[in-house]
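Please read the structure below before turning to the comments.
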Amino acid sequence: VALYVGLVAVAVCLVLLLLVGVLVYCRKKGGLDADVADSSILTAGFQPVSIKPSKADNPSLLTIQPDLSTATMTYQGSLCPRQDGPAKLQVPNGHLLSPLGAGRHTLHHSSPAAEGAEFVARLSTQSYFRSLPRGTTNMAYGTFNFLGGRLMIPNTGISLLIPPDAIPRGKIYEVYLTLHKQEEVRLPLAGCQTLLSPIVSCGPPGVLLTRPAILAMGHCVEASAENWSIRLKKQSCEGTWEDVLQLGAEPCTELYYCQLEAQACYVFTEQLGRFALVGESLSMAASKRLKLVLFAPAACPSLEYNIRVYCLSDTQDVLKEVIQLEKQLGGQLIGAPRVLHFKDSYHNLRLSIHDMPSSLWKSKLLASYQEIPFYHIWSGLQPFLHCTFTLERLSPSTCELACKIWVWQVEGDGQSFTVNFNIAKDTRFSDWLVPDSEVGPPALVGPSAFKIPFLIRQKIISSLDPPGTRGADWRTLAQKLNLDSHLSFFASKPSPTAMILNLWEARHFPNGNLSQLAAAVAEVGKQDGALFAVSEAEC
């Protein structure tokens, strides 16, 4: 008996040791590479994100967004070890856009195409990437290496461009892009300050970028230097908001730059984080754009009929959320949206309804108009401001509604809506309820995220970065593309031409016209734009 007991005990011990060995081997094989031990990043105080999942039958419109001021991060080394340093891409000497030859080009070792294919293939088989919060429509995420890529939140105008070589070679970052609801983020505003853009986070914060990423987002300001002082704000690790850039002034730092256009701004940043565009009016002529949208029930079983007039900041993200909200409420659009210029005149916004046939309808509004206080609109922190006109049919058979709705600022701009439709079957404006879908998935990795082929990009950079004898260099290209507002910022970077091309990519994706870019490059004087399309096809 003692012999049998001893043999069984030895067998159990051997089995346990074997299992421990297998577990240790699997963990080492699926773990991170040796070059991950960058303690300054891994111990930067990031905490896991706690997010309440949304129900399957209730889309993410009313779901609380994650607080990404503290976020989890995946910071990992290269997927495959390198035996030697990264080899430089060999570009043929000669004319900038000379043909690359008739044969098919194979890029060896460290070329982006080859490593990109290997990178994507290996990602599909790996399971050790820690996850960021998933499942929210106001968030995009992706895993990127030195090839760069792009994140987009569909139908909001918000995107993040990560240029090639912005992430150090041998590193892999899991990057997120989040649109926050104003009621969830405390952004203190003082005096005449107003929120001009959505509040957007990109991260993880604290990661090393060797070249600026470009954050694109919409705004609602009618910008003019004499009427506005516009600042880019960034939230610090302590939670306070700091001014990192004043638009229109010479950049005091090389970390940030903002290209402000008619309806969008493009923020260059080497430090990811939470950003917002805030303006302070300098005169009563300063104005911001409001989007006026009319909704009403798609079905009206009772005699009462409600018309909701929304007064929104004129950015795509706010309109998207209102459309989602109205879909849940069973609303339909009853008129084409209009834009109203709301001035800093301290006057309220008034709304009224007129010319309604008294024999068919009557209004339950006791006063002659409704009013939205000036400060509720000007702050920009209340995104879904609206007034409701409650009407009553005098007969259940009445389906035709004809009236006029006026929206105006006292002593300011105004708009008039002529409503004339059948409440039972008129769906002529239903297409507005489905925003134009943005092309492509929310995350694009590597060459698919860029319009300009990599080899063409490298040839343009190598040709235009050196100063030209007759001014034919990157400065001239910036002027041709109307990007010369801050040449000093581009000049402060190792490759000014790369900054210009990155901004072109951010502005024109996915519908950018390469022919127009080729024409601008050809006008610089060093190249032949007709060869651009040929080289692109060969790539």
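Residues THR156, THR210, THR194, THR178: which one is out of contact with any helix residue (DSSP H, G or I) (no Cβ under 9 Å at 6 or more places or on another chain), open to solvent by less than 10 Å² (accessible area, probe 1.4 Å) and polar (S, T, N, Q)?
On inspection, the qualifying residue turns out to be THR178.
Quick check: anything in segment 284-299 polar (S, T, N, Q) and either open to solvent by 40 Å² or more (accessible area, probe 1.4 Å) or within 19 Å of ALA213 (Cα to Cα) (or both)?
No, segment 284-299 contains no residue that is polar (S, T, N, Q) and either open to solvent by 40 Å² or more (accessible area, probe 1.4 Å) or within 19 Å of ALA213 (Cα to Cα) (or both).
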_Restricting to segment 479-514, name every residue that is over 24 Å from the mean Cα position of the chain (by Cα) and in a helix (DSSP H, G or I)._
GLN479, LYS480, LEU487, SER488, ALA491
*Out of the residues in segment 428-463 that are among the charged types (D, E, K, R) and assigned to a helix (DSSP H, G or I), which is modelled with the lowest pLDDT?*
ASP431
*If PRO357 satisfies every condition in (1) open to solvent by 20 Å² or more (accessible area, probe 1.4 Å); (2) more than 30 Å from LEU195 (Cβ to Cβ); (3) part of a strand (DSSP E or B) but one, which is the exception?*
(3)
_Filter pass, SER352 being in a loop (DSSP other than H, G, I, E, B), open to solvent by less than 40 Å² (accessible area, probe 1.4 Å) and either closer than 30 Å to ASN227 by Cβ or hydrophobic (A, V, I, L, M, F, W, C) (or both)_ = no
*Residues that are exposed (fewer than 10 other Cβ atoms within 10 Å of the Cβ) and at pLDDT 65 or above, drawn from segment 24-39*: LYS28
_Count of residues meeting criterion [in a loop (DSSP other than H, G, I, E, B) and touching a Lys or Arg at 6+ places or on another chain (Cβ under 6 Å)] in segment 224-271_ = 0
*Test: GLN271 is closer than 22 Å to ARG186 by Cα, among the polar types (S, T, N, Q) and either in the same structural domain as HIS219 (by the TED database) or open to solvent by 10 Å² or more (accessible area, probe 1.4 Å) (or both)*: yes
*Which numbered condition trips up LYS425, out of (1) exposed (fewer than 15 other Cβ atoms within 10 Å of the Cβ); (2) at pLDDT below 85; (3) farther than 24 Å from LEU303 by Cβ; (4) not β-branched (Val, Ile, Thr)?*
(3)
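The values are calculated or read from the model by the stated rules, or taken from the named source; none is laboratory data. Given the structure is predicted, the values throughout are model-derived calculations rather than measurements. Every residue, glycine as well, gets a Cβ built from its backbone with ideal geometry; the counts of neighbours run over all protein chains shown. Note: accessible area is taken over every heavy atom of the protein model, side chains too, but ligands, DNA and RNA are not part of it. Shrake-Rupley method; radii C 1.70, N 1.55, O 1.52, S 1.80 Å.
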